[in-house]
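To start, the structure under review is shown below, and the notes come after it.
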Amino acid sequence: MEVERKFIKIGERPDGSKVQLPIIKIKGEIGGPKVFIGVTIHGSEVTGQVSVWKLLDYIKKHGIKGELTIIPVMNPEGFNYNVRGIPESTIDLNRIYPGDPNGSFAERIVAKIWEIAKQHELIVDVHTAGKSIPFVILDPAPQPLRSKIEEYAYSMGITVLDEFPPEKYERRALAKSLPGVAIKENIPSFTVELPGYRGVDEVGAEAGYRALKNLLIKTGMIDGEFEELDNLVPVIKEKGYRRETIQSNYGGLVELHKKLGEKVNENETVATIRNVFGEVIGEVKSPWNGYIISINASSRVATGGSVASIAIKMKK
Ligand SMILES: [Zn+2]
């Protein structure tokens, strides 16, 4: 097995220091799949980097078949300064794929990632979702690609959800995310969201590692037994759910009444909102039946802000 670690230069900062993408390329026995794993396209989302260390430790001991490419930090600028996008800009790198090699700085970073990622048969984009359970998000895809993506996603052993409905998907420019462009090129791809708020979530990192290991077993890249993850993190095993956001009609401090993974009924109170004097100003009720997948991590909300995300059953 051959392991190569290097940096790919994208450009320079005003002071002449280099902006570069770290890349790990592992070549194993011939005949296996080609898999790409990318982490930290949102600079503040780091849990997946720890999952990758753990995965590399496993691979060192057990070897692989095929080729595995990992970019542990896809957004070096955001990572350095602990911001989602790029400092001094509000741009979201995961909304401008496939980028442009002669475009803006952000477009050049994304173009390089895409140039590398598209040479693979499976592309996994690892994020973190704050105080959340780990889950996979499936972008819309035509058949038979959709079935292939589902097969990989469910092999991970964590919750699998569909993206927002088409109007919201378009409005949020999610078709210009890494999985969005990969699917257009007929390459199976999805997003993995791990827990992590202002740093690494240790349980989330372990869950991410085991989920990625399960996935690589499924692809035939590594040997091993599928491992259930529901003793480590909440897992919604029912299929046919998608994510939604429960928004507050009031601004204030959030007092949550539900825990991660907990079932919620339509019209049930999820949170109480208090003003800065401590007085109750309103209740936030769930518009749907479902399961809590992430909760507001900052304990404060503006009108229209999210108090929690929920997995809801899709209408047939
Ligand atoms: Zn993200």
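The values are calculated or read from the model by the stated rules, or taken from the named source; none is laboratory data. Keep in mind that what you see is a predicted model, and the values were worked out from it rather than measured. Note that each Cβ is placed from the backbone with ideal geometry, even for glycine, and that neighbours are counted across all protein chains shown. Heads up: the accessible areas ignore ligands, DNA and RNA and are worked out on the full protein's heavy atoms, side chains in. Shrake-Rupley method; radii C 1.70, N 1.55, O 1.52, S 1.80 Å.
Of all residues in the stretch 22-39, those satisfying the criterion of being open to solvent by less than 10 Å² (accessible area, probe 1.4 Å) and in contact (Cβ under 8 Å) with a residue 60 or more places away in the chain are Ile23, Val35, Phe36, Ile37, Gly38, Val39. Taking the stretch 103-127 as the range and being part of a helix (DSSP H, G or I) and open to solvent by less than 60 Å² (accessible area, probe 1.4 Å) as the test, the residues that pass are Ala106, Ile109, Val110, Ala111, Lys112, Ile113, Trp114, Ile116, Ala117. Are there any pairs, at least 6 apart or on different chains, whose C-beta atoms fall under 7 Å, with the first in the stretch 58-75 and on the phi > 0 side of the Ramachandran plot and the second surrounded by fewer than 23 Cβ atoms within 10 Å (Cβ to Cβ), and if so, which? If the second residue must be surrounded by fewer than 23 Cβ atoms within 10 Å (Cβ to Cβ), the pairs left are Gly63/Met1; Gly63/Gly28; Gly66/Gly28; Gly66/Gly32; Gly66/Pro33; Gly66/Lys34. Flag: Ala175 matches the condition of being open to solvent by 20 Å² or more (accessible area, probe 1.4 Å), part of a helix (DSSP H, G or I) and of a type in the set (A, V, I, L, M, F, W, C). Return yes or no: is Glu228 of a type outside the set (Lys, Arg), surrounded by fewer than 20 Cβ atoms within 10 Å (Cβ to Cβ) and either away from the ligand (no atom under 16 Å from the Cβ) or under 28 Å from Gly99 (Cβ atoms) (or both)? So Glu228 passes the test.
With respect to the conditions (1) within 15 Å of the ligand (Cβ to nearest atom); (2) touching a residue at least 40 places away in the same chain (Cβ under 8 Å), Ile91 lacks only one, and its number is (2). The condition of being closer than 23 Å to Asn94 by Cβ, within 15 Å of the ligand (Cβ to nearest atom) and assigned by TED's automatic domain parsing to the domain that holds Asp57 does not hold for Glu170.
Just so you know, in the stretch 64-92 the residues that are among the polar types (S, T, N, Q) and not in a strand (DSSP E or B) include one that is most open to solvent (accessible area, probe 1.4 Å), and it is Thr90. Each residue in the stretch 131-153 was checked for being assigned to a helix (DSSP H, G or I), crowded, with 17+ Cβ neighbours inside 10 Å and touching a residue at least 60 places away in the same chain (Cβ under 8 Å), and 1 pass.
Among residues that are closer than 22 Å to Phe190 by Cβ and either in contact with a strand residue (DSSP E or B) (Cβ under 6 Å, 6 or more places away or on another chain) or not assigned by TED's automatic domain parsing to the domain that holds Gly196 (or both), Gly66 is included.
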